[in-house]
Amino acid sequence: MHSITLDEQDTFVVADTVFEKVQKLLIQHRICRVCEKSYTEESPMIAANLCLECFLRENSSVHLTVVPTVPDENGVTVYRFLDPEGYIYTCSPASESSEAYESISLTLAYWGFPDVASVELEGKPVELDPTDATIYGDLKTNSVVVVSKRKKAGRLEVSFLSYKNGPCVYLDKAKGYTRKVWREAESQYLATKDARGRYHYKERVSRQPFQSDIYCLLSDNESAKYDQKT
């Protein structure tokens, strides 16, 4: 036995067999809530009652292009979209929202960069929050990027170097090889200070030094070295 409510007003109680017929009929004839057109292979349902064309139109400010779909851990089709900077956005037909969501983990996977869920600090594992992460470096051209994540249930920021089709290396600024390349990038960036006290990284100009620009410069430097090795 099932109940069916129409337009949030009339509720009908029907047998299982009737419910299955009604459900099948509704799926066959459902339309987009915006353009009122039927779904097709070229324009499938991307979010709840929203077709691909209308979804892209509602997210036009992000300038997304479609990339091949992937199923999630439950087998549900996840539609993926690429923005001009190379970041992957997602949306699922099960979602009630028409908004596209940026996914750092899918972005790294799309470009072949390894990701980490935890790091070991002072001999103890630290779980990282996959939703609170930032990538530094050009995803389209660089072979090494810097990824910063925050500790779950905390504000501790942990950064690491992600080598395309290679390892992830914790960015330890206090010792080892990563300290050396960090200090090199930092010194190189601070040396860009001009007579007016402004710092430069490519087209970006700032009145104070930013760690984010040093991360981007580190990404460039490590990419150049990594490319020579591979």
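Quick rundown of the values:
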{"read-out": "Burial ordering of Met1, Met45, fewest other beta-carbon atoms within 10 Å first", "value": "Met1, Met45"}
{"read-out": "Estimated [θ] at 222 nm from DSSP helical runs (n ≥ 4, -39500 (n - 2.57)) normalised by residues in the chain, nearest 500", "value": "-8500 deg cm²/dmol"}
{"read-out": "Residue-by-residue Karplus 3J(HN,Hα) for the stretch 159-173, coefficients 6.51, -1.76, 1.60, Hz, glycine and proline x", "value": "10, 8, 8, 10, 9, 4, 6, x, x, 10, 10, 4, 8, 8, 7"}
{"read-out": "Long-range amide H partners of Leu50 with built H, under 5 Å", "value": "Arg33"}
{"read-out": "Peptides ranked, highest mean first, by Cβ atoms within 10 Å: ranges 80-89, 61-70, 142-151", "value": "142-151, 80-89, 61-70"}
{"read-out": "Selection of GluC sites (Glu not before Pro), the stretch 5-67, meeting DSSP coil and at most 16 other Cβ within 10 Å", "value": "Glu8, Glu36, Glu41, Glu42"}
{"read-out": "Size of electric dipole in the chain: Cβ of Lys, Arg +1 and of Asp, Glu -1, about Cα centre, debye, nearest 20", "value": "1280"}
{"read-out": "Listed values (1) 46, 38, 34; (2) 74, 42, 35; (3) 68, 42, 33, entry calculated as Cα extents along the principal axes in Å", "value": "(2)"}
{"read-out": "Fewest-first sequence of Cys91, Cys32 by Cβ atoms within 10 Å of each Cβ", "value": "Cys32, Cys91"}
{"read-out": "Amide H contacts under 5 Å for Arg150, placed H, 5+ residues apart", "value": "Asp129, Asp132, Val158"}
{"read-out": "Per-residue ³J(HN,Hα) for the stretch 12-27, Karplus 6.51 cos²θ - 1.76 cosθ + 1.60, θ = phi - 60°, Hz, x for Gly and Pro", "value": "10, 9, 10, 6, 4, 5, 5, 4, 4, 5, 5, 4, 4, 5, 5, 5"}
{"read-out": "About the Cα centre, charge dipole magnitude for the stretch 86-172 (Lys/Arg +1, Asp/Glu -1 at Cβ), debye", "value": "140"}
{"read-out": "Along principal axes, Cα extents of the stretch 145-200, largest first, whole Å", "value": "41, 28, 22"}
{"read-out": "Greater than 19 Å apart at Cα, pairs in Lys173/Lys202; Lys151/Lys225; Lys149/Lys173", "value": "Lys173/Lys202; Lys151/Lys225"}
{"read-out": "Interchain or long-range residues, amide H under 5 Å from Leu121's placed H", "value": "Val126"}
{"read-out": "Global geometry of the stretch 32-102, whether rounded, prolate or oblate, following the gyration tensor of its Cα atoms and the 1.5 cut on a/c", "value": "oblate"}
{"read-out": "Radius, Kirkwood style, for the stretch 111-229 when every pair of distinct Cα atoms is counted (Å)", "value": "15.0"}
{"read-out": "Sparsely packed GluC sites (Glu not before Pro) within the stretch 140-197, loop by DSSP, other Cβ within 10 Å at most 14", "value": "none"}
{"read-out": "Cut-off 14 Å between beta-carbons: net charge of the residues surrounding Leu26, Lys and Arg +1, Asp and Glu -1", "value": "+2"}
{"read-out": "Trypsin sites (Lys or Arg not before Pro) within the stretch 16-52, DSSP loop, no more than 12 other Cβ atoms inside 10 Å", "value": "Arg30, Lys37"}
{"read-out": "Between 0 and 90°, nearest 10: helix 176-190 axis offset from the chain longest Cα axis", "value": "80"}
{"read-out": "Burial ordering of Ile46, Ile27, fewest other beta-carbon atoms within 10 Å first", "value": "Ile27, Ile46"}
{"read-out": "Top positive-direction residue, dipole computed over the chain with Cβ charges, set Ile46, Thr77, Val66", "value": "Val66"}
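Read the figures in this text as sums done on the coordinates, not as results from a lab. Bear in mind that the values here come from a model prediction, so they are computed numbers and not experimental data. Note: ideal-geometry Cβ built from the backbone for every residue, glycine included; neighbour counts use all protein chains shown.
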